[in-house]
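Inspection log for the structure reproduced underneath, given as structure tokens.
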Amino acid sequence: MQEFKTESKRILDLMINSIYTHKEIFLREIISNASDAIDKLCYKSLTDERVGMSRSDFKIEVDVDKDNRTVTVRDNGIGMTREELEENLGTIAQSGSLKFKSEMSKDDKENNDIDIIGQFGVGFYSAFMVADNVTVNTKAFGSDTAYKWTSCGVEGYEIEETEKTDVGTEIIMHIKDNDGEENYDEFVEPYRIRAIIRKYSDYVRYPIVMNEEKTEKAEDGTETKTVEEVTVNSMVPIWQRSKSEASDEDCAAFYKETFYDCNEPFKVIRINAEGTLSYKALLFIPGKAPMNYYTKDYQKGLTLYTSSVMIMENCEELLPEHFRFVKGVVDSDNLSLNISREMLQHDRQLRQISSAIEKRIKSELKKMLTNERDKYEQFYKEFGLQLKYGMVSDYGMHKDMLEDLIMFHASGSEKPVTLEEYVSAMPEGQEFIYYARGESIQKIDNLPQAETVKDHGYSILYMTDEVDEFVINMLGAFKEKKFKSINDPDLGLETDEEKAEKEKAAEENREMLDFVKESLDGAVESVKLSHKLKSYPVCLSAEGEVTLEMEKYFQSIPGEDEKIKAKRVLELNGDHHAFDALKAAYETDKEKARKLAKILYTEALMIADMPVENAPEFAQLVSELM
Ligand code: ADP
């Protein structure tokens with residue numbers, strides 16, 4: 001006897017004690033495994049003559065033996081080798097639903113154990129909800145030896161060689177006796193088993209057959225009993241059904257079960273393409289980003305079927321990177337059956353399908369944005385970042401596809417706005433789309449420049465994601481309105497007169513401004529006089545392509561000794577008493593003026609949330625002047 005791994009024991013325990021209403025799903029789980037096993041052999045049969053079977057030969061048999069209290073599920077799928085038996089049934093950690101479970105947050109896990117069973121089952125092990133003994137007889141394709149796996153539950157399992165002529169797997173479940181609280185008799189009633197199959201496994205694409213006893217009465221009163229094999233399921237996969245035959249709710253249930261997600265999808269998308277290239281697709285926008293979504297562990301792709309034979313899971317070629325959150329299936333009659341992964345990349349039809357899918361996802365998202373704003377905002381919380389990454393990837397190739405889907409928070413508006421909304425709300429005279437990149441809205445609002453822009457009655461887009469600045473860079477403009485960072489030295493807010501006045505004042509103070517620049521020892525590209533600042537004495541801005549926020553970003557990524565730096569501009573508020581003090585010192589005491597320049601520059605760094613290069617020096621300078 002071999003023991004189950006610890007984790008498996010825990011799950012088994014949970015299964016056995018799960019609440020009653022969930023128990024019937026054991027059959028769905030066992031049948032779904034059988035169907036997967038057939039998928040595998042069916043796919044193999046396309047390229048490997050040794051299989052010697054065609055699509056119509058595959059089936060799943062379900063036998064109910066009331067006298068012996070057994071339910072048997074038999075498939076002629078791929079079967080399992082001894083190692084596979086060990087690996088797959090000896091430890092539950094292989095199970096897809098379990099993988100899903102490990103992606104849930106801790107809090108979810110605490111309370112949701114039971115619910116997971118309700119919604120997905122935990123695969124094979126769910127048999128122990130109704131059975132006190134399970135036997136698996138299996139023979140793998142290409143193997144001469146068959147094996148028998150037996151287990152009575154928590155204790156462990158045994159594997160031994162056995163006799164079995166055909167390739168495939170047979171699962172014999174011995175149904176528990178009724179106990180005080182629970183009644184298991186129903187699971188050995190053929191009519192009940194039939195109903196469970198119809199309820200959960202109707203769209204399995206292979207026939208699920210049961211033997212039905214028929215009694216015929218002859219005219220003379222004699223009865224003859226015959227046994228007839230009947231197919232219980234309709235076999236039409238859910239994506240082949242019309243909306244009236246499979247509601248959005250049905251599709252959502254299919255999604256949750258197939259893709260191991262306990263959340264309702266945001267959207268069910270059906271595509272029914274006819275004509276030269278005909279295919280059906282059933283797509284889902286998940287209701288929540290999986291825990292591993294933004295990591296390399298996340299597998300993108302749709303499941304690809306050809307004439308209802310599954311040829312590939314996670315077919316990446318069907319989805320553009322920026323919509324990689326979409327899940328679903330595509331079924332096309334046009335594709336060659338024995339297509340390989342390498343060939344897929346160059347397949348013209350596949351590319352056509354993929355491009356149609358991309359357009360459709362875009363239009364569905366746009367529809368959601370227009371008609372179901374709240375829902376779109378929820379969606380955006382989950383996957384907005386992906387859309388932004390999409391904008392900057394491939395040298396901005398997809399920006400036209402995505403620019404009207406992205407949103408930002410904006411000053412003066414509680415909810416995020418699209419670029420379109422921002423531009424159409426611009427008051428007369430506003431030339432630019434103002435934005436500021438920062439760690440948080442609060443920090444951006446603390447910038448002196450933010451005050452200036454807002455005082456003009458203009459709204460600021462808050463860019464709180466690192467990628468935002470690159471998105472803006474890629475776009476350059478939206479609807480012919482250029483983007484302008486509020487850290488730009490020229491905010492384009494001044495009238496010609498104001499500009500002229502500024503020039504004049506700058507000229508008058510030229511020498512002193514040069515002195516400040518020189519005192520700062522090359523830390524800044526230039527020093528300017530500014531009248532845009534209200535309450536603050538200074539601010540820092542940047543000239544040229546690289547902004548302060550980009551510099552911060554480049555500083556934060558490891559590697560590369562020579563980091564890209566912004567061309568810093570120190571702006572002094574000409575109307576501030578600090579400026580007067582600087583000026584007075586410049587005229588009478590150059591040494592003091594030099595110290596004041598350093599203090600003002602450090603203040604500017606702090607206000608801009610830039611690292612302060614020499615904090616102790618700053619502290620000393622301040623104390624000295626106090
Ligand atoms: P899941 O199906 O979620 O992966 P299960 O616990 O249901 O988890 O099954 C574990 C594994 O056992 C399957 O992934 C499959 O490899 C194997 N298996 C289960 N049933 C069969 C079967 N009828 N034929 C072949 N392999 C099977």
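Let me understand the stretch 547-626 better: what is its radius of gyration from the alpha carbons, and its Dmax, in angstrom?
15.2, 47
How big is the Rg/Rh ratio for the stretch 268-308, C-alpha atoms only, Rh by Kirkwood, two decimals?
Reported Rg/Rh, Kirkwood definition of Rh: 1.09.
Over the chain, what is the relative contact order in percent, taking alpha-carbon pairs closer than 8 angstrom and at least six residues apart?
Reported relative contact order: 8 percent.
With a 1.4 Å probe and all protein chains in place, put Glu562, Glu313 in order of accessible area, largest first.
Glu562, Glu313
Check which residues have an amide H placed less than 5 Å from Gly77's amide H, if you skip close sequence neighbours.
Thr169
Leaving ligands, DNA and RNA out of it, work out the accessible area of His346 with a 1.4 Å probe and give it in Å² to the nearest 10.
Per-residue accessible area (His346): approximately 140 Å².
Any idea what the alpha-carbon Rg over 2.2 N^0.38 Å comes to for the stretch 489-626?
Taking N as the residue count of the stretch 489-626, the ratio is 1.09.
Please report, in debye to the nearest 20, how large the charge dipole of the stretch 497-626 is about its Cα centre when each Lys and Arg carries +1 at its beta carbon and each Asp and Glu carries -1 there.
Charge dipole, the stretch 497-626, about its Cα centre: 200 debye, nearest 20.
Can you tell me the dipole magnitude for the stretch 252-382 around its Cα centre, using point charges on the Cβ only (Lys, Arg +1; Asp, Glu -1), in Debye to the nearest 20?
The calculated dipole for the stretch 252-382 is roughly 400 debye.
Which one of Asn88, Val71, Gly275 is farthest out on the positive end of the charge dipole of the chain, using unit charges on Cβ (Lys, Arg +1; Asp, Glu -1) and the Cα centre as origin?
Of the listed residues, the answer is Gly275.
Calculate, axis by axis, the spread of Cα positions in the stretch 296-434 along the three principal axes, and write the results as whole Å, longest axis first.
62, 29, 28
Roughly how many Å² of Val154 are accessible to a 1.4 Å probe, to the nearest 10?
Its accessible surface works out to 50 Å², give or take rounding.
Please name whichever of Ala146, Ala34, Phe187 sits farthest to the positive end of the charge dipole of the chain, dipole taken about the Cα centre and charges placed at Cβ: Lys and Arg +1, Asp and Glu -1.
It is Ala34, whose Cα lies furthest towards the positive end.
Over the stretch 456-554, what relative contact order in percent results from Cα pairs under 8 Å that are six or more residues apart?
Relative contact order, the stretch 456-554: 29 percent.
Using a Förster distance of 45 Å, how high is the FRET efficiency between Val622 and Lys499, based on the Cβ-Cβ distance and rounded to 0.05?
That pair, Val622 with Lys499, gives E of 0.85.
At a temperature of 4 °C and a viscosity of 1.567 mPa s, determine how fast the chain diffuses translationally according to Stokes-Einstein, using the Kirkwood radius over alpha-carbon pairs as Rh; express D in µm²/s, rounded to the nearest whole number.
Rounded to a whole number, D works out at 44 µm²/s.
What's the long-distance tail for the stretch 445-504, i.e. % of Cα pairs beyond 19 Å?
I get 41 percent for the Cα pairs in the stretch 445-504 exceeding 19 Å.
In Å², and per residue, what accessible area does the chain have when probed at 1.4 Å with the other protein chains present?
Ligands and nucleic acids excluded, the result is 50 Å² per residue.
Given a 1.4 Å probe and heavy atoms of the protein chains only, how would you sort Ser307, Ser485, largest accessible area at the top?
Greatest to least solvent exposure: Ser307, Ser485.
Using all alpha carbons of the stretch 201-251, what is the percent of pairwise distances in each 5 Å bin, ordered from the shortest bin to the longest?
Binned Cα distances yield the sequence 5, 18, 16, 14, 11, 9, 9, 8, 6, 4, 1.
Placing unit charges on C-beta atoms (Lys and Arg positive, Asp and Glu negative, everything else neutral), compute the dipole magnitude of the chain about its Cα centre in debye, rounded to 20.
920 debye
Enter the mean projected area of the convex hull around the alpha-carbon atoms of the stretch 157-209, in nm², rounded to one decimal.
6.2 nm²
The values are calculated or read from the model by the stated rules, or taken from the named source; none is laboratory data. Treat the numbers as computed from the prediction; the structure is a model and nothing was measured. FYI the Cβ positions are ideal-geometry reconstructions off the backbone, even for glycines, and counts take in every protein chain you see. With ligands, DNA and RNA removed, areas are computed over all heavy atoms of the protein, side chains included. Shrake-Rupley method; radii C 1.70, N 1.55, O 1.52, S 1.80 Å.
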